[in-house]
1. Loop-only check: which trypsin sites (Lys or Arg not before Pro) in region 1-33 are DSSP coil with at most 12 other Cβ within 10 angstrom?
2. Evaluate E = 1/(1 + (r/R0)^6) for residue 28 and residue 76, where r is the Cβ-Cβ distance and R0 equals 35 Å; express this FRET efficiency to the nearest 0.05.
3. Over the chain, calculate the relative contact order: mean separation of alpha carbon pairs under 8 Å at least 6 apart, over the residue count, as a percent.
4. Taking 25 Å as R0, compute the FRET efficiency from the Cβ-Cβ separation of residue 35 and residue 63 and round it to 0.05.
5. Compute the FRET efficiency between residue 18 and residue 43 as 1/(1 + (r/R0)^6), taking r as their Cβ-Cβ distance and R0 = 30 Å, and round to the nearest 0.05.
Amino acid sequence: DTDDNGAVSRQEYQAFMTKAFGALDTDKNGALSQAETADVLNADQFAATDANANGRVSRDEFMNRVMKDFAAADKSGDRSLQ
């Protein structure tokens with residue numbers, strides 16, 4: 001909640017998750033390995049995020065997954081999480 005309004009907007013969440021991807025991508029190759037995500041994703045979650053099943057999660061795959069998660073959590077549909 002970067003603007004301290006009591007809610008996390010879609011934009012705030014997206015910015016946070018973009019930074020999270022960068023932090024997780026420890027070898028800075030632009031994709032996440034299962035080892036890089038072991039602390040935050042179990043094997044099933046990794047496989048579900050790896051849309052093309054190539055054993056790596058690209059930035060696009062990661063962002064698609066986390067933004068779907070945001071949308072699912074946004075029960076009111078106001079593009080923010082309370």
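Bear in mind that the values in this text are calculations on the coordinates, not laboratory data. All of these numbers come straight from a predicted model, not from anything done at the bench. Here the Cβ positions follow ideal geometry from the backbone for every residue, glycine too, while neighbour counts run over all protein chains shown.
1. Passing both the DSSP loop test and the Cβ count: 28.
2. 0.40
3. 34 percent
4. For residue 35 and residue 63, the calculated efficiency is 0.80.
5. Between residue 18 and residue 43 the formula returns 0.80.
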